[in-house]
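Okay, so here's the structure we're looking at.
The values are calculated or read from the model by the stated rules, or taken from the named source; none is laboratory data. The shown structure was predicted, so the numbers you read here are calculated from the model rather than taken from an experiment. Reconstructed Cβ throughout: ideal geometry from the backbone, glycine too, with neighbour counts over all protein chains shown. The area values use the complete protein model at the heavy-atom level, side chains included, leaving out ligands, DNA and RNA. Shrake-Rupley method; radii C 1.70, N 1.55, O 1.52, S 1.80 Å.
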Amino acid sequence: MGSSKNKGETTDPLLESSYGGGVEEVSSELEDVLCDTTLSGWRRFQKAIVIELRYLLRLAGPAVLVYLLNSVVSMSTQIFCGHLGNLELAASALGNNGVQLLAYGLMLGMGSAVETLCGQAYGAQQYEMLGIYMQRSVILLMLTGIPLTFVYIFSKPLLVLLGESDRVASAAALFVYGLIPQIFAYAANFAIQKFLQAQSIVNPSAYISAGALVVHILMTWVALYVFNWGLLGAGLVLSLSWWIIVIAQFIYILTSERCKKTWNGLSTRAFSGLWGFFKLSAASAVMLCLETWYFQILVLIAGLLPDPEIALDALAICMTILTWVFMVSVGFNAAVSVRVSNELGAKHPKSAAFSVVVSTVTSLLIAIVFAILALVFRDQYSYAFTSGKVVSDAVSDLTPYLAVAIILNGIQPVLSGVAVGCGWQAFVAYVNVGCYYVVGLPVGVLLGFKFNLGAKGIWAGMLMGGTLFQTLILIWVTVRTNWETEVKNAGNRINKWNDVKGQLAVVE
């Protein structure tokens, strides 16, 4: 199943797809350059870096935009609710940043399983399997949404159990009830989104997210200020907006020339192999959720400090900055996952390895710029969130830790994307458990409470003991990777999930 094109007759799918013409095989242009021994090493590098950056930035840019716009959709609901009153603000914040984030992380994590399979199948030109993988993912994620629904239904007693007042828990539960349809929108959205990303189709999702944001803001204003539907109405509108995104993306799949070969309609094959697909999806979910919850736990632990108000305010501001910068790395995470899985499926080991290097270095350089800006403006940026000097001083004191976190988050999400592209989710899940919860969390608690270092100690311990340790392990594993072996693994994986033994020849 190698490329049928001769050297020099390559196809650039990112350019071709802009003009329609349907799906194209993954270009061998980069692999040809990297294997061209008639060129000097420096000349090969120059040509290869131009090709890879062209691919990478056209994937990462729209992906960053999609994640940012989707975050703003939820944030705008919180802003509207905040203008109704302090109780409504607290309720929507709890619903968005607590209960809803559980479903978001779980569904996004499980969706990365289809990202691995679709990306490698696309590279191997097994186009008809992409639609089947997507359908399998939707089925599993929808089934996962059923137990999550009960978490939403019983959110009030759960919040009370976690220490929230009855009044705040009741208001938050009302908002969360409106978010129940959003669970199943997530289930469909992440499967569809990964299906499109695997084919380097990212711009339509960005346009759809931008349009949905405008419609969402208008609908939320009408629901809250014209019809006075309150918190339940705000939650229902947020759910509807996510379903608008899902429906618009699915209409694109049905009508686009670019998806004609990868979407052949509903198939009963989607119901086969669900248990194996579930195990890969579960490993993906654990990998992502353990990372997401790690930084939430940081804030929760800080709330146990003596006089925690200032520490919590300062951490909240730093975490908001880190989250927005993290969105850039998440864009590179999606891009490198697509690049690596496509190249492995197309049997281009050198291209896959080169993409990893370029993606990691590019994301790291951007993160270093953000870290320097945070340090330079450490005494100013907090005033965008608060006018209090005490909190501002606390933020300034924490900024060096924020800068380190930004730099580490410039590397770690990209390497997680490499793991998704290669199908290493289960391995990374074990690494995350060990680094974050066996090492990082205890070290952070020890420094914060035993050595009385407060929020700085908690953050330093969790960063150095957890995030840094995990990042170093992922770097070590990636550097030692045999990419020829990964190509063979990708071929075997496609054979397994195709349900047709021997249809795809394994690389010799």
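The angle between the Cα long axis of helix 349-376 and the longest principal axis of the Cα atoms of the chain comes to about 30 degrees, rounded to the nearest 10. To the nearest 10, the accessible area of Ile139 is 40 Å² with a 1.4 Å probe.
Compute the acute angle (0 to 90°) between the alpha-carbon long axis of helix 389-422 and the principal axis of greatest extent of the alpha-carbon atoms of the chain; round to the nearest 10°. So the helix axis and the longest Cα principal axis differ by about 30 degrees. Based on DSSP H segments of at least four residues, each scored -39500 (n - 2.57), the chain has a per-residue ellipticity at 222 nm of -25000 deg cm²/dmol. Axis of helix 468-479 versus longest Cα principal axis of the chain: the two differ by about 0°, to the nearest ten degrees. At an R0 of 35 angstrom, the distance between the Cβ atoms of Phe227 and Leu266 translates into a FRET efficiency of 0.40. Here the spin labels are modelled as points 7 Å beyond Cα on the Cα-Cβ line, and at Thr38 and Tyr430 they lie 4.7 nm apart. Contact order, relative form, for the chain: 20 percent (alpha carbon pairs under 8 Å, 6 or more residues apart, mean separation divided by residue count). In the structure shown, the pairs Lys47/Lys488; Lys194/Lys260; Lys194/Lys347 are assessed against 24 Å; a Cα-Cα span above that value is assigned to Lys47/Lys488.
The calculated FRET efficiency for Ile79 paired with Ala210, based on their beta-carbon distance and R0 = 22 Å, is about 0.80. A crude spin-label estimate for the pair Glu484 and Phe451, with each label 7 Å from Cα along the Cβ direction, gives 4.7 nm.
Model label points for Ala93 and Phe250, set 7 angstrom from Cα along the Cα-to-Cβ axis, are 3.6 nm apart.
Ranked by the mean number of other Cβ atoms within 10 Å per residue, highest first, peptides 414-423, 336-345, 469-478 order as 336-345, 414-423, 469-478. Rounded to the nearest 0.05, the FRET efficiency derived from the C-beta distance between Leu274 and Phe150 at R0 = 22 Å is 0.55. Per-residue extension of 0.36 nm, minus the Cα-Cα distance of Glu128 and Val376, leaves a gain of 84.1 nm for this segment. Taking amide H as placed 1.01 Å from N in the peptide plane, Ser27 has no amide H partner under 5 Å among residues 5 or more places away or on another chain. Sorting the segments 395-402, 375-382 by their mean number of nearby beta carbons within 10 angstrom, highest to lowest, gives 395-402, 375-382. Taking Kirkwood radius over Cα pairs in Å as calculated from this structure, the corresponding entry among [x] 25.3; [y] 22.9; [z] 23.7 is [z].
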